[in-house]
Structures are given as structure tokens and as C-alpha cells.
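*Asks:* One structure, pasted below without further comment.
The values are calculated or read from the model by the stated rules, or taken from the named source; none is laboratory data. Because the structure is predicted, anything quoted here is derived from the model rather than measured. Please note: Cβ atoms are built from the backbone with ideal geometry, for glycine as well, and neighbour counts cover all protein chains shown. Please note that ligands, DNA and RNA were not included when accessible areas were found on the heavy atoms of the full protein model with its side chains. Shrake-Rupley method; radii C 1.70, N 1.55, O 1.52, S 1.80 Å.
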Amino acid sequence: MDVSDSFNKIVLDNDMRPGEIIYQVYPSSFNDSNNDGWGDLKGIIARLDYIKNSGADAIWVSPYYLSPEGPDGDGGYAVSDYRTINPIYGTMEDFEELVSEVHKRGLRLYSDMVHAHTANNHEWFEKSRQKDKDFKDHYVWHPGSSYRDGQVHHDGDFENGSRVPPNNWKSVFGGPAWHFDETRQEYYLHHFLKSQPALNLNEEHVQDAILEEMKFWLDKGLDGFRIDALPFSNYDSQLRNNPWIDRQPDEFWNQQYFEHSMCQPQTIDFVARIRALADSYQDKKTTLGEVICGRHGGFGAIDVAATYIDKHTGLDMCYTDLGLAIVPATDHDTVKHVITEIQNRFPHGGHCISISNHDFVRSRTLAVEHLPEEEQEAALRQNMKIIMTIPGSIVLYQGEELGLPQARIPEDIPLDKLKDPVAQTRGPEHCRDGSRTPMPWESNEKNAGFTKADTPYLPVPPSHLELAADVQENDPDSMLNFTRDLIKWRKEQPALVSGKIKVLSTHAPVLAFVREHNDQTMLFCYNRSNKDASFKPADFLDQEMLKKLGLDDNATISLKPYDDCNVNTSSSQTYNHGNDSQNPDTDITL
Ligand code: TEU
């Protein structure tokens, strides 16, 4: 019998927005209104009805603040001035119009808060490198160590030894996490590019400064923030070396255990300050943290994320990279484990699944391209359905609702057109532009309707044309309509929005779980293979649960390849779309 006692103690908390669908817009590639080749805020406004129709509750827009041009800007994630809109995306009036148009449609607007670093041309950094008294410790500075006689010395003797970084911390984008600044004659810490100096958030007054920038936008009517790279907020003030896990000749970032460089406990206190700011407004402000890094070489993000969630003093939600583990269709035990972890570590909600985003490979490519072509569509839809039926909020990244594949480099994006700086720091194989190509709106228009400019932000891959939004809008069986219907149906099921989950100990290829909230109980079962499968609920559920579900001891559920089935106590209407139309005869024998 499989439904444990702990299951009965778990209830998701609606204050924490457990079932929210957050549509992520990457502004450069979403929609271009002035035909300069770059997407912009007015372009987002023009497509708000599309976003609303997707079933989103909220929109998260990736950074649109002033940022250095070219690779140093990291696609907007190096901020030169938090309060100025990058002219490439529009004006403050455009932002105000965006807020108002979003609210008119009953949606909420979240911006990206890149709080852990600025650009190196931010005024704060300029002042800090000049040792201006109010800014000298705004960033993490150190004179460095002296290397001589085959050893590192910390005595500041740079006459007799060569100056080296103060410790062994590495940058996520390759190389050391320290860069020597000629003006100040000291090293500064940067977890990402050297154009992204880390803010010294160990200092309360630096936290104050960032909170002021957040307040500026919340006062303008913004509904909340996606908070960038949260585990990178604090560091060990003694700057101790990180232990190596598996040191390779390239000494890459993820070969270390992040004992000292990140994932520090005091970030929880900073998070509480963010929460206090959010709570100082009468209307609900929402906080979504990005926690895709754990302490163990970047793995184990869930342990860290769970510490940032709290009903009273923490964030509403965090997204981790767990979604990436669920999405690939092959590993049954991992999928079961991940879903159970989400339940156990976030018993009141707060976990958010990011189904791909501007940093990750698109889910069609990640999850199903290894399968035979004729199975891919069914597997892709099943992935979407699994994600929509487990607990948590969801980030739906632009184009995932269309089932776009990752653009290929260099076939779809020639090397000289790449924008992501990681293509230079780590090589094109790590470049993130493959998920950042323009949204294909109209298949027959120039650049698929994204821009009339001759040079779009990135090229539109030819394979995206047949998946364009206009083609899919008109096809009732399209991925777009599948996703929209799925979201609409999900919103109507209390057990899915607010219910607890218990994963049953079935063996591959059947994944099964129960969701329950008040008087609604739902049993889901998925056949994650290309062969028929069957499953006997009585082998995994106790009598009470079977009775609730209206099943008896002999009930057997037979599933066609990639098919699924749900038994729902509060409605005779189960969800049937997509896979089921290919496999109309899923059978429940009672
Ligand atoms: O990402 C934080 C982060 O941890 C990423 O470095 C991630 O590991 C990487 O992109 C995976 O390839 C945020 C933003 O989402 C990302 O776009 C920025 O480049 C990064 O912060 C620096 O601001």
C-alpha cells in the first residue's frame, strides 16, 4: 500500500501561488514593433492577447534595463543602470503602458532583478574602482596573493612574487572568478563575465541599495520579480578556497564544491529583506528566485532553493533545474525521485518548474529528439502534461507552447551571428542562442513576422516556420492548442492547482501518481514507452483510496504507447486531447 501518512499532512498554500503559469518573455527575440531587428516593449504589448490566450497568469520579462552593447551586456544580464530602460527596448512610457495593458488583461507583470552583479560601466562600479568613500566596498575587492618559490603567499609582497587572484574560485562562464582592475590595482570578484562585477551583498548598505532599485519598480506598479542567480548573493568574507570535487586540467567552475564562493546561509536573511519589501505593499507582490545551482558543483539546487521558501519570511517560489530532469522521457526512477523531492522539500508549495528558458536547451530537443521521429510528438505532449499535472508553478518560456526545437549552431545560426558571450568564453557548443531565436509569429511573413528588418536579432530557423503561431492557431490538434487546453483544464482542477501528490511505486514504463485537494482526488498514469502497458491500481493504493476513486480490486488500466489516463473523483470528464486522439481506446476495466 502506497499512500503514506505524510501525504495526508501536505497541503499546498494558495498564498504562495502554487499553480501559477508564468510566461517568460525574452525581449530581444519576442516581437519587434519598430523594425530595428530587436524585440521591444511595444512589441510585447502587441502580443499580450496571445500570452493571455496561452492561459498565463503572469508574465516575466527578462532584463530590459540599460546594459552594455555586445557580448559584455550578457543579453541584458549586465545592468548599467537599473532605472533606465535600454533604448533598444523602448522608453519608460512604453513600460508604463506595458504595466497598464498587462493589468487590463488580468495578468501580472514580473521583471528580472539582476541583484548579484552590475555591469562594469555602472556608476557604482566606476566609483568603487576610484575608492569613492560611499562605494569602495560596493563590490568584492582584494589586492591578491603573491606567487613565488612555487607557493602562494598572503603577505602582499608583489615586488618579489607575481600577483595572483586571492583564491581558487572560478567563473561560471570559464576562467578565474577574479579580474585585476588597473585603476584600483586590485582584483574584483565576478561569478560570470568580467564585465559583471559581483555586488558585495555581505554589506547591509549594498543590500539597501539593491532593495531601493527594486522598490523603484514596485512603486511603478510592477507585480513582482524573478530574482536572478540567488545562490550567488553572498560569499565567505575570509575568501577561503573552495574544495575541489574533481579537478580537471581546465579547472572549470563545476569541478568545485561551493563551500565558500556561493550558497551561503546569510542569503536567507537577505531573502527575508526582499520579502519584507514585497510585504510592504498592499497588493500582493510576488517573488520568484532563480536557483539553478546547488553546492555540489552546481548540483543539488533543490536543497538550496528549499531554504529560500517560507510562507512568512521567504520567497513565494523558486525555480530549479529539476524540470530538466523530468523532461527527458527515458529515466523512470529519476522522474519519480524528482517529483517526490518536489513534494517533500516544498510541502506547502513554492517549487516552480522552468520548462526550458533562455539559459537551457528547448525541451523538444532535450527531451524527445533521441526518440524515433514518429514518437516524438506524443512524447513531447506527454512531457508537457506530466509537468502540468505535478505540483508547482510553471515558467512557460516563449515558444515552448509551440514545441519549437533548439536552433542549431552553425546550421541555423552562423558563428558570426552568435550573440551569447558564452560562445566566446566557452565555445559555440555551450552557446545559449539556440533557445533565444525570434518567436515565429506568421509563417509567410519576412522573419516569420518577428521583424521587417533585414537583420533580425538572431535568424529564424527554417524548421520553425511550419511551427509558427498562426499555423498552430488554426489547427485544433496543434501543440499550441494542446498546451492552451491543458492549461485551461488544469486551472479548473483544485487537486492540480493546490493539491498534494503521492508518486506510486510503479515500474517503468508506467508513471502514476495521486493528486488530492479537499474532495477532489485524481489518479494519473502515464505510459512513457512505445509499447502497450497496463497497471493495476490495487497493487499500489489502499482500499480507502480505491474507493474514493471508484475503483475496485480488479480494476486494470491499459495504456497504449505514450498514452495516459486520469481517474477523477469530482468529475466524470477526464482530460482527452492530443495523445488520446491518437490512442482513443485507453481502457479502464472495472
Ligand atoms: O543565470 C544564472 C546561472 O546560474 C547561469 O549561469 C546558468 O548556470 C547558465 O546560464 C547555464 O548555461 C542567470 C541568467 O539567467 C543568465 O542568463 C545570466 O547569464 C546569468 O544569470 C548572469 O547574470
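*Asks:* Residues of the chain: accessible area per residue at 1.4 Å, in Å²?
*Replies:* Result: 38 Å² of accessible area for each residue.
*Asks:* Remind me, relative contact order of segment 287-395 in percent, using alpha carbon pairs under 8 angstrom and six or more residues apart?
*Replies:* Value for segment 287-395: 25 percent.
*Asks:* Can you give me the % of accessible surface on segment 113-173 that is carbon or sulfur? Probe 1.4 Å, all protein chains present, nothing else counted.
*Replies:* Carbon and sulfur together cover 43 percent of it.
*Asks:* Continuing with this model, one more query. Would you grab the residues whose amide H sits under 5 Å from the one on Leu504? Only those 5+ places off in sequence or on another chain, please, with H modelled 1.01 Å from N.
*Replies:* Ala512, Phe513, Val514
*Asks:* Bin all alpha-carbon pair distances of segment 285-425 at 5 Å intervals from 0 and give each bin's fraction as a whole percent.
*Replies:* Bin by bin from 0 Å, the calculated values are 2, 9, 18, 20, 18, 14, 11, 6, 2, 0.
*Asks:* Could you give the size of the charge dipole of segment 84-123 about its Cα centre, using +1 on the Cβ of each K and R and -1 on the Cβ of each D and E, expressed in debye and rounded to the nearest 20?
*Replies:* With Lys and Arg at +1 and Asp and Glu at -1, about 240 debye.
*Asks:* Right, something else. If you take the charge dipole of the chain about its Cα centre, with +1 on Lys and Arg Cβ and -1 on Asp and Glu Cβ, which of Pro438, Thr365, Asn566 is farthest toward its positive end?
*Replies:* Going by the Cα projections, it comes out as Asn566.
*Asks:* Further question on the same structure: Mean separation of Cα pairs under 8 Å and 6+ residues apart, divided by the residue count of the chain: what relative contact order is that in percent?
*Replies:* With pairs under 8 Å counted, the relative contact order is 14 percent.
*Asks:* What list of ³J(HN,Hα) values in whole Hz, one per residue of segment 267-284 in order, does the Karplus curve 6.51 cos²θ - 1.76 cosθ + 1.60 (θ = phi - 60°) give from phi, with Gly and Pro shown as x?
*Replies:* 4, 4, 5, 5, 4, 5, 5, 4, 5, 4, 4, 4, 6, 7, 9, 6, 7, 5
*Asks:* Restricting to segment 431-543, what percent of DSSP beta bridges are antiparallel, rounded to 5?
*Replies:* So the antiparallel bridges in segment 431-543 amount to around 100 percent.
*Asks:* List the residues whose amide H sits under 5 Å from the amide H of Leu315, counting only those 5 or more places along or on another chain, with H placed 1.01 Å from N in the peptide plane.
*Replies:* Ile309, Asp310
*Asks:* Ignoring ligands, DNA and RNA, what percent of the accessible area of segment 228-349 is carbon or sulfur (1.4 Å)?
*Replies:* The value for segment 228-349 is 50 percent carbon and sulfur by accessible area.
*Asks:* Give the residue from Ile309, Leu380, Ala407 lying farthest towards the positive end of the charge dipole for the chain; charges sit on Cβ (+1 for Lys and Arg, -1 for Asp and Glu) and the dipole is referred to the Cα centre.
*Replies:* Ile309
*Asks:* Using +1 on the beta carbon of Lys and Arg, -1 on that of Asp and Glu, and nothing else charged, what's the dipole of the chain about the Cα centre, debye to 20?
*Replies:* So the dipole magnitude of the chain works out to roughly 700 debye.
*Asks:* If R₀ is 30 angstrom, what is the calculated FRET efficiency for the pair Asn34 and Lys136, using the beta carbon separation as r and rounding to 0.05?
*Replies:* So, using R0 = 30 Å, E works out to roughly 0.15.
*Asks:* Let me ask another. Measuring from centroid to centroid over Cα atoms, what is the spacing of segment 336-403 and segment 89-162 in Å?
*Replies:* Measuring centre to centre over Cα atoms gives 33 Å.
*Asks:* Can I ask one more? Considering the dipole of segment 250-317 built from charges on the beta carbon (Lys and Arg +1, Asp and Glu -1) around the Cα centre, which of Gly297, Gln266, Thr286 is farthest to its positive end?
*Replies:* Positive-end residue among those listed: Thr286.
*Asks:* Let me ask another. To check you understand DSSP bridge types, tell me what percent of the beta bridges within the chain (both residues inside) are antiparallel, rounded to 5.
*Replies:* 60 percent
*Asks:* Of the accessible area of segment 434-531, with the probe set at 1.4 angstrom, what percent is carbon plus sulfur?
*Replies:* Ligands and nucleic acids excluded, carbon and sulfur give 48 percent.
*Asks:* At what distance in nm do the modelled label points of Tyr147 and Thr183 sit from each other, each positioned 7 Å from its Cα along Cα→Cβ?
*Replies:* Modelled inter-label distance: 2.7 nm.
*Asks:* Any chance you could tell me what percent of the C-alpha pair distances in the chain go past 47 Å?
*Replies:* Here the tail beyond 47 Å accounts for 15 percent of pairs.
*Asks:* Scan around Gly298 for amide H atoms under 5 Å from its own, H built in the peptide plane at 1.01 Å from N, and keep only partners 5 or more places away or cross-chain.
*Replies:* Phe258
*Asks:* Run the simple label-point estimate for Arg105 and Asn530 please: 7 Å along Cα→C-beta, distance reported in nm.
*Replies:* Placing both labels 7 Å along Cα→Cβ, they lie 3.9 nm apart.
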